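The values are calculated or read from the model by the stated rules, or taken from the named source; none is laboratory data. Keep in mind it's a predicted model, so treat the numbers as computed, not measured. No Cβ is skipped: glycine too gets one built from the backbone with ideal geometry, and neighbour counts run over all protein chains shown. In case anyone asks, the SASA skips ligands and DNA or RNA and just uses the protein heavy atoms, side chains included. Shrake-Rupley method; radii C 1.70, N 1.55, O 1.52, S 1.80 Å.
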Amino acid sequence: MDGVIIIGAGLSGLSAALTLAEHGKRCILVSAQPSERAQSVLAEGGINAAADTMGEGDSTALHYEDTMKGGVYLADPNAVEGLTENAPMILKKLTELGVPFNISGGRPVLRNFGGQKKKRTAYAKSSTGKMIMSALTDAVRRYEAKGIVTRYPHHIFMGLIMSRKKCTGAVFRDSYSGKQLMFHGRVIVCCGGMNGFFPEKTTGTTANTGDVQAQLFALGTEFANLEMIQYHPTTIGISGKRCLVTEAARGEGGRLYIMRGGERWYFMEEKYPELKNLMPRDVVAREMFSVRRSADTEGEVMLDMTGLSAEVWQKRLPDLRCEIKEQLGIDPADVPVPVREGIHYFMGGIYVDEHHRTSVVGLYAAGECACQYHGANRLGGNSMLGAIYGGRTAAEDILGSKDTVQGGEPVITEQTAASVKLVREISDILSSALGIVRSEDEISAALVRLDGLRCGGGLDKARLSLARAMLMSALERRESRGAHFREDYSKPDEAMRRTLIARCKDGVTELYFRELPERRAQHEGKA
Amino acid sequence: MRVRLDIKRQRDAQSAPYLQSILYESGDENVTLASALGDIDAGGFKDTDGREVEPIIREQSCLQKKCGACAVVVDGRPALACGTRLRDFERKGYVNVGPLRKFPVIADLLVDRSVIFSQLTQLGIWAENALPCPENTDDIAYEASRCLQCGCCLEVCPNFCPGEKFFGMSAAAAASRLLEQLPPSERRELEKAYSRHFYSGCGKSLACRDICPAGIDTESLMVNSNAAAVWKFLGRRKHG
Ligand SMILES: Cc1cc2nc3c(=O)[nH]c(=O)nc-3n(C[C@H](O)[C@H](O)[C@H](O)COP(=O)(O)OP(=O)(O)OC[C@H]3O[C@@H](n4cnc5c(N)ncnc54)[C@H](O)[C@@H]3O)c2cc1C
Ligand code: SF4
Ligand code: SF4
Ligand code: FES
């Protein structure tokens with residue numbers, strides 16, 4: 001046994017490694033690039049925890065409710081319970097690791113974020129992800145020096161080692177030398193979202209190719225809710241990608257409007273008097289989409305941040321202001337910024353239970369690649385939390401159980417290099433059908449186009465097959481829920497408030513619904 | 001927007017480097033070098049000698065200057081490809097692009113920067129115990145944690161040479177977070193390592209500050225860390 005194998009060194013991978021290492025358990029931390037390059041460093045706005053440092057009477061129960069409601073009750077209630085209960089402890093731990101949060105009087109300051117009625121989001125100006133990543137990377141380094149964690153930071157996933165349908169290890173390719181490496185042990189997949197399927201259309205990194213997911217899908221691993229793709233309402237187009245304007249901009253007072261009859265129409269404030277510009281992301285994105293299309297409006301939706309005080313810009317959002325100035329050549333403190341929706345997060349992904357076990361024994365998944373916590377829509381600030389808590393939970397499950405299976409044979413996907421042309425074609429097809437508003441006609445047309453694509457075998461075939469499963473899932477969920485809005489089934493259907501599983505069996509994709517777990521009575525503990 | 005990219009390429013670590021010139025055009029005035037290379041990867045480009053251009057091996061990730069992956073040498077100076085706007089070279093008509101020069105080339109623009117990370121382990125940049133929470137936001141720790149570990153500063157540093165005693169600004173930046181945050185009784189080892197691997201070798205030319213693509217105020221970090229690790233008796237300068 002070489003140790004626990006962690007694939008991915010972003011927040012979830014580092015959190016898993018740290019948890020294992022603190023218990024003296026050896027682990028192998030493999031990633032295509034070093035931690036400094038992981039998407040997690042891009043997170044801006046903050047991380048949620050009902051620490052109630054602002055004296056608003058917040059509680060973990062309210063955090064639970066907001067998370068479940070934001071996800072339109074499609075998340076596993078017991079998993080969300082664990083997440084929200086443990087959030088204050090995680091925030092405390094991060095503070096002890098030295099994350100330079102915005103602090104006042106020795107306690108983290110919390111800010112407003114979408115879909116939450118209380119100030120619950122701890123932040124480090126507008127670079128929270130980078131700050132947490134730096135501290136976690138340092139913390140894990142301590143165990144690298146002791147030989148408990150061994151890093152392989154330029155290594156690409158090639159396949160699993162399997163013994164009678166159980167996972168007993170993984171195979172990687174050193175992208176520098178081309179050499180193949182094999183490690184034996186249980187595996188935690190922490191490889192981020194499927195951004196690589198949407199080049200130029202996402203706020204994240206396309207270095208998260210989705211290739212690990214494609215290969216695991218081809219191997220028969222269950223995936224869940226693949227249709228649930230979050231569009232962030234406020235992004236700007238920059239060279240080669242969508243660039244996020246953090247929700248914190250609205251949390252700190254930014255307002256959305258569009259011109260109508262020569263006047264500014266603050267549509268969110270008019271339509272949603274309680275949470276206004278801070279409604280959950282799916283709602284804001286859909287409203288933006290619809291007001292832009294409305295006959296009586298003109299131009300783009302604008303984000304007006306001119307009312308933010310100099311202090312807010314300096315102490316809370318300095319990096320955002322620099323970024324907009326540089327990318328668009330305008331100062332958001334002086335003029336409103338045109339914004340559009342952009343792909344931002346994958347709520348669906350590898351199916352896991354509340355312990356982060358996948359459908360394959362010995363294989364775990366955590367972070368954005370796993371389907372956990374966010375249901376049909378993720379609340380801002382919950383994903384860093386979910387990544388850290390998820391990595392930790394997977395590690396704890398491993399610490400609490402024994403490796404029973406050993407040996408096995410590598411099952412390797414032929415590593416056909418991703419053809420940029422094919423990737424762009426897949427992206428165009430998926431985007432044509434998996435937008436903010438969807439319909440059977442569009443999805444069916446996309447499926448036909450996808451089937452017309454020519455590709456070789458190996459990895460390319462696996463990618464196509466996962467792309468196909470995304471479309472099939474969007475077709476199968478004949479209701480509207482959270483990020484999945486069907487104009488032909490525009491209401492939620494309680495009968496479909498179930499997890500939609502996609503699995504590839506003998507080369508054919510099958511879909512089935514699975515009941516959500518019942519919520520256990522509180523404090524009963526995990527099964 | 002139209003510019004000629006003169007790219008220094010190399011098939012693998014053993015092969016000899018060669019120059020390939022590609023005419024690149026884009027309707028996007030803001031197009032960056034990183035996006036241009038992405039377009040070239042998609043195929044259909046010929047070099048000025050009429051040969052098909054093979055994908056250019058390189059590293060990239062965030063495309064918004066936040067991860068340090070895409071550092072290359074542009075017209076002799078290190079820079080992030082995703083922060084390099086090609087319009088700045090339009091008037092001149094061409095731009096030279098090559099791999100960072102202080103690190104071994106793997107292929108094309110991809111270099112092995114492992115030394116940057118192994119130095120951090122050698123310096124011992126971590127805390128053994130829980131750090132105390134400060135009363136107010138710690139701006140020095142924030143600034144230090146922003147370092148991308150991209151290596152641009154090492155490229156221009158007159159004193160840095162991989163494998164030698166002096167570790168350069170990338171290591172010093174990371175160390176300065178903990179030199180700021182660790183209680184004095186717990187930072188002796190790090191102070192010693194910092195003095196040995198940074199302070200004693202730094203000529204304070206500040207070339208690192210001028211080149212840093214993240215705009216990190218390396219001078220303040222240095223002043224603060226030097227005060228903590230070396231000039232203890234002078235007291236520490238705090239950020240305003
Ligand atoms: C612009 C932006 C802003 C955000 N802001 C916030 C915020 O304010 N609050 C919040 O909670 N969330 C935010 N998020 C979301 C959040 O940052 C991510 O969901 C979270 O960080 C994901 O962490 P992760 O560990 O799952 O994956 P990542 O950090 O993406 O790491 C993935 C790892 O997998 C490795 N990997 C990928 N493919 C392979 C392969 N084939 N072989 C080997 N290794 C591989 C990568 O190298 C990397 O190390 C934001 C996201 C973006 C894009
Ligand atoms: S100090 Fe600046 S130039 Fe040097 S590694 Fe850090 S980010 Fe890069
Ligand atoms: S000040 Fe000069 S010698 Fe010192 S690290 Fe910076 S570039 Fe190198
Ligand atoms: S790709 Fe991240 S800095 Fe350029």
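A few remarks follow.
- Taking only the C-alpha atoms of the stretch B:114-238, the Rg (one decimal) and the largest Cα-Cα distance, Dmax (whole number), read 13.4, 40 Å.
- Whole-Å semi-axes of the stretch A:367-408's equivalent ellipsoid (Cα gyration tensor): 27, 11, 7
- Per-pair calculated FRET efficiency, R0 = 35 Å: B:GLU219 and B:ARG188 via Cβ, rounded to 0.05: 0.90
- Carbon/sulfur fraction of accessible area - chain A, other protein chains in place, 1.4 Å, %: 49 percent
- Hydrodynamic radius of the stretch A:183-281 per Kirkwood, over alpha carbon pairs, in Å: 16.7 Å
- The ellipsoid equivalent to the alpha-carbon distribution of the stretch B:94-151 has semi-axes of 34, 17, 6 angstrom, derived from the gyration tensor eigenvalues as √(5λ) and listed largest first.
- Tail weight of P(r) past 29 Å, computed on alpha-carbon pairs of chain A, percent: 49 percent
- Derived scalar couplings between HN and Hα for the stretch A:127-142 equal 9, 4, x, 4, 5, 5, 4, 4, 5, 5, 4, 4, 5, 6, 4, 3 Hz in order, rounded to whole Hz, by the Karplus curve 6.51 cos²θ - 1.76 cosθ + 1.60 (θ = phi - 60°), x for Gly and Pro.
- Angle in degrees between helix B:169-181 and the longest Cα principal axis of chain B, rounded to the nearest 10: 30 degrees
- Each residue of the stretch A:177-186 was assigned a 3J(HN,Hα) from its phi angle through the Karplus curve 6.51 cos²θ - 1.76 cosθ + 1.60 (θ = phi - 60°); the sequence is 9, x, 6, 9, 10, 10, 10, 9, x, 6 Hz, with glycine and proline shown as x.
- For A:VAL301, distant residues with modelled amide H under 5 Å away: A:VAL339
- With a 1.4 angstrom probe, the accessible area lost at the A-B interface totals about 4200 Å².
- Relative contact order of chain A, defined on C-alpha pairs under 8 angstrom at six or more residues apart (%): 21 percent
- Per the Kirkwood formula applied to alpha carbons, the stretch A:247-405 shows a radius of gyration over Rh ratio, Rg over Rh, of 1.11.
- With contacts taken as Cα pairs under 8 Å and at least 6 residues apart, chain B reaches a relative contact order of 17 percent.
- Amide hydrogen proximity for B:ALA214: with H placed 1.01 Å from N in the peptide plane, no residue at 5 or more positions away or on another chain lies under 5 Å.
- Within the accessible area of the stretch B:114-238 (1.4 Å probe), percent carbon and sulfur: 53 percent
- Binned Cα-Cα distances of chain B, short to long, each 5 Å bin given as a whole percent: 1, 6, 13, 17, 16, 13, 10, 8, 7, 5, 3, 1, 0, 0
- Charges were assigned to the Cβ only: +1 to each Lys and Arg, -1 to each Asp and Glu. The resulting dipole of chain B about its Cα centre is roughly 680 debye.
- Out of every Cα-Cα pair that the stretch B:1-127 contains, those further apart than 25 angstrom amount to 25 percent.
- Each residue of the stretch A:435-527 gets 142 Å³ once the volume of the Cα convex hull is shared out per residue.
- Positive-pole candidate from A:ILE7, A:GLY220, A:VAL245, dipole of chain A, charges at beta carbon: A:ILE7
- 3J(HN,Hα) from dihedral phi, the stretch A:429-440, Karplus parametrisation 6.51/-1.76/1.60, rounded to Hz, x for glycine, proline: 5, 4, 5, 5, 10, 10, x, 6, 10, 10, 8, 4
- Heavy-atom accessible surface of the protein assembly as shown, averaged per residue, reaches 37 Å², computed with a 1.4 Å probe.
- Here the ratio of the Cα radius of gyration of the stretch B:11-85 to 2.2 N^0.38 Å is 1.14.
- Rounded to the nearest 20 debye, the dipole size of the protein assembly as shown about its Cα centre is 1420 debye, using +1 on the Cβ of Lys and Arg and -1 on the Cβ of Asp and Glu.
- Close amide H contacts of A:ILE238 (hydrogens built in the peptide plane, cut-off under 5 Å, sequence separation of 5 or more or a different chain): A:CYS243.
- Principal semi-axes in Å for the stretch A:234-341 [√(5λ), Cα gyration tensor, largest first]: 22, 16, 13
- Its Cα centre serving as origin, the stretch A:234-341 has a Cβ charge dipole (Lys and Arg +1, Asp and Glu -1) of approximately 260 debye.
- Mean ellipticity per residue at 222 nm, deg cm²/dmol - from DSSP H runs of n ≥ 4 across chain A, formula -39500 (n - 2.57): -10000 deg cm²/dmol
- Each of A:HIS184, A:GLY159, A:LEU278 was scored by the projection of its Cα onto the charge dipole of the protein assembly as shown, and the greatest displacement toward the positive side belongs to A:HIS184; charges sit on the C-beta of Lys, Arg, Asp and Glu.
- P(r) of the stretch A:31-170 over all Cα-Cα pairs, binned every 5 Å from zero, in whole percent: 2, 9, 14, 16, 16, 15, 13, 9, 5, 2, 0, 0
- Taking the stretch B:114-238 and dividing mean pair separation by its residue count, relative contact order in percent (alpha carbons under 8 Å, at least six apart): 31 percent
- Drop in accessible area of at least 10 Å² in the complex versus isolated chain, residues of the stretch A:405-422, 1.4 Å probe: A:VAL420, A:LYS421
- In the protein assembly as shown, the DSSP beta bridges split such that about 80 percent are antiparallel, to the nearest 5.
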